[in-house]
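The values are calculated or read from the model by the stated rules, or taken from the named source; none is laboratory data. The model shown is predicted, which means the values in this text are computed figures rather than measured ones. Neighbour counts are summed over all protein chains in view; Cβ atoms, including those assigned to glycine, are modelled from backbone coordinates with ideal geometry. Heavy atoms of the whole protein, side chains included, go into the accessibility calculation; ligands, DNA and RNA do not. Shrake-Rupley method; radii C 1.70, N 1.55, O 1.52, S 1.80 Å.
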Amino acid sequence: LPYTQNYLGLQLLTTGMNLGGTAVPAGSLLVFNGYPNTDRVTAVNPATGAVVTTLALSGNYDLTAGVWDAATNRLFITENNGSGTRLVVLDPSNGALTGVFPARFNIQTWSGLAIDPTTGHLWLGSVNGGTSVVEYIINADTTLTEVRRVNLASQGVNQNEISGLSFDASGLLWVSSTQGQIYRVSVS
């Protein structure tokens, strides 16, 4: 991935999935790349670096973050191409668009998406979202319902710096920063 700029998302799979007709085992790394036209999702074996499979998405979204949700078997990405304020839902079997929802702030640059392993909720953060992250319920029909916003300023995330999100197995949220920091925060 020589040129990703900030059009990138990463997710370590805790369960296996099917991406474009290829079985991808648990423990694989999903690399969401919004730099090429069209965007790509690539499954990589993290131990060897070997590519398991690559799926070209149905559009050129110029994604800035991505995550796969095991409960709904859908890919969620942030869209930079266009208004820069949409969350896009895609079918991992073929990359087809299945839904679009407004984001609550601009996600054209650094952003992050993560699935909370304890609730199954989707979380969104972005450098343009200030010091807050947004929690969404993913409904059975893959529509999104905003639950709340959590201000992380009191936990040190206070410089409009959010560039990525990831939950650990215990449910703590890790936030990467454009300031070169990684924060462990509580959103409970």
By accessible area with a 1.4 Å probe, ligands and nucleic acids excluded, highest first: order of Ile107, Ile182: Ile182, Ile107
The range 152-165 - phi-based ³J(HN,Hα) in whole Hz, Karplus 6.51/-1.76/1.60, Gly and Pro as x: 9, 4, 5, 9, x, 8, 9, 10, 6, 10, 5, 10, x, 9
Residues Ser58 and Ile137, FRET efficiency given R0 of 30 Å [Cβ-Cβ distance, rounded to 0.05]: 0.75
Among Gln11, Gln108, Gln159: highest mean-square fluctuation, GNM of the chain, C-alpha pairs under 10 Å: Gln159
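So what's the convex hull volume per residue for the Cα atoms of the range 1-154, in Å³?
Values: hull volume 17.2 nm³, N = 154.
Cα convex hull per residue, to the nearest whole number: 112 Å³.
What is the sum of charges, Lys and Arg at +1 and Asp and Glu at -1, for the other residues whose Cβ falls under 13 Å from the Cβ of Val147?
On the way: positive: Arg104, Arg148, Arg149; negative: Asp116, Glu135, Glu146.
Taking every Cβ under 13 Å from that of Val147, the sum is 0.
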Mean-position separation - Cα centroids, the range 52-109 and the range 20-34, in angstrom: 15
Restricting the range 40-114 to trypsin sites (Lys or Arg not before Pro) in coil, as DSSP defines it, with at most 16 other Cβ within 10 Å: Arg104
Note, ³J(HN,Hα) from phi for the range 97-114, Karplus 6.51, -1.76, 1.60, rounded to Hz, x at Gly and Pro: 5, 10, x, 9, 9, x, 8, 8, 7, 5, 10, 6, 10, 3, 7, x, 10, 8
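At a 10 angstrom cut-off on C-beta neighbours, averaged per residue, how do the peptides 61-70, 116-125 rank from highest to lowest?
Peptide ranking by packing, descending: 61-70, 116-125.
What are the equivalent ellipsoid semi-axes of the range 113-188, built from the alpha-carbon gyration tensor (square roots of five times its eigenvalues), in whole angstrom, biggest first? Intermediate values should be presented prior to the final figure.
Numbers: eigenvalues 87, 35, 20 Å².
Working from the Cα gyration tensor, I get semi-axes of 21, 13, 10 Å.
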